1. Can you pull the one-decimal nm distance between simple spin-label points at residue 82 and residue 30, each 7 Å off the Cα toward Cβ?
2. For the stretch 241-340, how big is Rg over Rh, using alpha carbon atoms and the Kirkwood form of Rh?
3. Counting just the Cα atoms, what span does the stretch 296-340 cover along each of its three principal axes? Round to the nearest Å and put the largest first.
4. Residue-wise, which Karplus ³J(HN,Hα) couplings in Hz belong to the stretch 49-63, taking 6.51 cos²θ - 1.76 cosθ + 1.60, θ = phi - 60°, and x for glycine or proline?
5. Mind computing the radius of gyration and Dmax over the alpha-carbon atoms of the stretch 112-266? Å is fine for both.
6. Express in nm, to one decimal, how much length is gained between residue 159 and residue 120 on full extension, taking 0.36 nm for each residue of separation and deducting their alpha carbon distance.
7. Calculate, in nm to one decimal, what residue 127 and residue 235 gain on full extension: separation in residues at 0.36 nm each, minus their alpha carbon distance.
8. Scale the Cα Rg of the stretch 1-152 by the rule-of-thumb value 2.2 N^0.38 Å and send over the ratio, two decimals.
Amino acid sequence: MKILLVKLSSMGDIFHTYPAISDLKQIYPDARVDWLVDQQFAEIAGWHPGVEQIHAVPLRALKKNASAELKQQLRETLRRLRQERYDYIIDAQGLMKSAWLSYRLNGVRYGYDWSSARESLASLCYQHKLSVAVDQHAVDRIRQLFAQVLGYQQQLLHLPESGLDPQQWLRPTEAPARYGLVFPGTTWLTKHWRESYWLEFLDRQTIDDAVYVGWGSPQERLLAERISQQQTTAKVFSERLSFAEMARWIAHASWVVGVDTGFVHLASAMQKPVLGLFGPTTPKHTGVTGHRSDNLCSELPCFPCRKKICKIADDPDSVVCMEQMKPQTVLDKAELLFKS
């Protein structure tokens, strides 16, 4: 059985797909699973032990710079893929871009139906359209999609398994015996918790561990450095860590606190103790999971708005839903989780 999974991005979405691959390999251990993914996330897609081959396309890079070189790279990847014949092409993204790529390949195409896909028109590109309830966690949606495609719905009684073992990453040589990680930055400004709230949380927390402030983009680095400069016990990484390097730090952390961002979802996939802070997005759909994890969110009528600009704030720099989560509330929840 030869399967091509189409799930292009983003970082958190990649980790939410892992349990479906674990299910598949548990039911069909001899199945071959290849993954078509955006080039930016090709490395992390390959971390799941059930994935055999990664096919990377530079869609995000093309959006920023439609160079002839990148266009040729996309054409070459599709040319190589069209030489393959897949028994199942499963589009777990449900967007027009993923459906378009699926449509250009050789094999029987499966995906979400009109009412289940994130972009309904994507369903027109599939030969087999599956109904999967929208109002549930992304992990469950993808697991159910795979189970319907491959006929093992009745065998999904076990809890999701990511397939990741934190021990597969070596402990960073410079890491202290015990430490926690905080991830205050992400691409959406509306997902940010107030900088002053982070400072108050770090000042008042009584967990006896070192604390490191993680970052990925240059903007996130500036935020991390400001926090570290004002809260002198929190350390910040001086250089940008690769995905694999940050995974090593997460794998051996005692706990993680952060907003809705990729590295927080990696910590969740590793079953680390995690506290996720959610504003415009809802933990019901993308929250951290696991018996040692929990989520905090607002209770505003507009929640979850899924907007990148807060429509009810008087100040353009304010995000009302995130500001409802006061530092003491987060601190109480974190210490309850992590000290136990």
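The values are calculated or read from the model by the stated rules, or taken from the named source; none is laboratory data. All values derive from a computational prediction rather than experimental measurement. Positions of Cβ are backbone-derived with ideal geometry, glycine not excepted, and every protein chain shown enters the neighbour counts. Ligands, DNA and RNA are excluded from the accessible area calculation, which covers all protein heavy atoms including side chains. Shrake-Rupley method; radii C 1.70, N 1.55, O 1.52, S 1.80 Å.
1. Going by the 7 Å Cα→Cβ label model, 3.2 nm.
2. With Rh from the inverse mean 1/r over Cα pairs, Rg/Rh is 1.00.
3. Reported extents, whole Å, longest axis first: 38, 18, 16.
4. Result, rounded to whole Hz: x, x, 8, 8, 9, 9, 10, 9, 10, x, 5, 5, 5, 5, 5.
5. 19.8, 57
6. Length difference between fully extended and current span is 11.1 nm.
7. Separation in residues times 0.36 nm, less the Cα-Cα distance, equals 33.7 nm.
8. Cα Rg divided by the expected 2.2 N^0.38 Å: 0.97.
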